[in-house]
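Asks: Can you read through this structure? Questions will come right after.
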Amino acid sequence: MNIDDIKQVLIVGSGNMGQQIGFQTAVSGYHVILYDMEQSLLDKAMDRIGKLAKNYIAGRRLNDQSAADALNRIRTTVDAEDAGKEADFVSESVPEDPDLKGRVFAQFNKICPVHTIFTTNTSSLIPSMFAQATGRPDRFAAFHFHDVRFNNIVDIMPHQGTSRETVELIKAFAERIGQVAIVLQKENFGYVFNAMLMELLKSAQSLAANDVAAVEDIDRAWMGVMHTMVGPFGLMDSIGIDTVWKVTDYWANVLKEPQAMANAAFLKKYVDQGNVGVKTGKGFYSYPDPAFGKPGFIEGK
Ligand SMILES: NC(=O)c1ccc[n+]([C@@H]2O[C@H](COP(=O)([O-])OP(=O)(O)OC[C@H]3O[C@@H](n4cnc5c(N)ncnc54)[C@H](O)[C@@H]3O)[C@@H](O)[C@H]2O)c1
């Protein structure tokens, strides 16, 4: 298979990441199918993608016509057969659970053509955990995006059974959709950037969960010293506290680490209240104008 043979891209899971990846892919000229379990979720996703398009226009990344063309290239469906039967490339963004991801790929393995490349956008798992379940381990690898709205760094992480051709195709596809690929030489939990980020977020959670410092002060310390626009808690709000909790809780249970369990319990309080960050308008901060973005935040004014 050649990069030019990739024409139709299936995005499985229309949440936070599925929306961003789907839109970026459509902006780059591909036909995109967005698949989820309920039409109401897909309608919500298209609404948010519409807002994303408006932001791209406001930021002069797209003009009105190219944004409208990109939106027209996205189709939604709750019918898996319809979603997968003509897909050349699959990007999966369902919740962070290896069994669920394995089941989803096994389902699409029966539907998609033999040539279709399968990729997972997992944040914290490694592809060998569910490579066999995909039914096509040689045409499967992790293809991981960061926040597509603000950066274009992606990780490509093969497992031992991924073919060289698959890695090359994913790399070529990444370039076609305007991304800079970091190709890992071996599997590593957290890829490259996230491996570093997870340590930062874990430290920030521990400081707050152990009542060492307030959330705002922890962010203030990081932002003030590192000269960044956002601190660890602002970052968690944009990732989604529910997603951060899932990852933290999963590893806390696997490793039986008391501090990780305390951190998961700390995050769960926000999840239970439905305050999971930017996507709900409230998390550690309130949106659209979070306190850390206002003048004087670092000075504590
Ligand atoms: N949020 C981030 O910043 C970020 C960044 C990179 C990678 N990721 C990874 O991307 C994946 C998705 O994260 P998210 O933040 O978009 O989650 P999300 O909760 O916003 O979206 C997940 C979507 O998957 C759908 N879904 C659940 N089961 C499904 C199924 N069986 N078939 C089809 N759709 C199904 C849900 O209805 C939901 O719409 C996770 O693996 C996460 O670790 C997240």
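Asks: Test LYS301 against the criterion of being at pLDDT 95 or above, at negative phi and open to solvent by 50 Å² or more (accessible area, probe 1.4 Å), and give yes or no. Give the derivation first.
Replies: Working: at pLDDT 95 or above: no; at negative phi: yes; open to solvent by 50 Å² or more (accessible area, probe 1.4 Å): yes.
When the stated conditions are applied, LYS301 does not pass them.
Asks: Sticking with this one: Give me the pairs: first residue in segment 86-103 and open to solvent by 50 Å² or more (accessible area, probe 1.4 Å), second residue at pLDDT 95 or above and near the ligand (Cβ under 10 Å from one of its atoms), beta-carbon distance under 9 Å, and six or more apart or on different chains, which are they?
Replies: If the second residue must be at pLDDT 95 or above and near the ligand (Cβ under 10 Å from one of its atoms), the pairs left are PRO95/GLY13; PRO95/GLY15; PRO95/LYS101; PRO95/ASP242.
Asks: Then there's this: Checking the structure you have, find out if any residue of segment 280-293 is in contact (Cβ under 8 Å) with a residue 12 or more places away in the chain, open to solvent by 60 Å² or more (accessible area, probe 1.4 Å) and not small (Gly, Ala, Ser).
Replies: No; the residues of segment 280-293 include none that is in contact (Cβ under 8 Å) with a residue 12 or more places away in the chain, open to solvent by 60 Å² or more (accessible area, probe 1.4 Å) and not small (Gly, Ala, Ser).
Asks: A further question follows. If the requirement is being more than 16 Å from the ligand (Cβ to nearest atom), under 20 Å from the mean Cα position of the chain (by Cα) and loosely packed, with under 14 Cβ neighbours inside 10 Å, which of these qualifies: ASN72, ASN2, ASN55, ASN63?
Replies: Values: ASN72 fails: under 20 Å from the mean Cα position of the chain (by Cα); ASN2 fails: under 20 Å from the mean Cα position of the chain (by Cα); ASN63 fails: under 20 Å from the mean Cα position of the chain (by Cα).
Going through ASN72, ASN2, ASN55, ASN63 in turn, just one is more than 16 Å from the ligand (Cβ to nearest atom), under 20 Å from the mean Cα position of the chain (by Cα) and loosely packed, with under 14 Cβ neighbours inside 10 Å: ASN55.
Asks: While we're on this one: Cβ-Cβ under 6 Å, sequence separation 6+ or interchain: first residue in segment 130-156 and touching a residue at least 40 places away in the same chain (Cβ under 8 Å), partner surrounded by fewer than 22 Cβ atoms within 10 Å (Cβ to Cβ) and in a loop (DSSP other than H, G, I, E, B). Which pairs?
Replies: The qualifying pairs are ILE153/HIS146.
Asks: Given the criteria more than 13 Å from the chain's Cα centre (by Cα) and either within 12 Å of the ligand (Cβ to nearest atom) or at pLDDT below 95 (or both), does LEU207 qualify?
Replies: Details: more than 13 Å from the chain's Cα centre (by Cα): yes; either within 12 Å of the ligand (Cβ to nearest atom) or at pLDDT below 95 (or both): no.
Here the answer is no, as LEU207 does not meet what is asked.
The values are calculated or read from the model by the stated rules, or taken from the named source; none is laboratory data. Computed from a predicted structure; not experimentally measured. Reconstructed Cβ throughout: ideal geometry from the backbone, glycine too, with neighbour counts over all protein chains shown. With ligands, DNA and RNA removed, areas are computed over all heavy atoms of the protein, side chains included. Shrake-Rupley method; radii C 1.70, N 1.55, O 1.52, S 1.80 Å.
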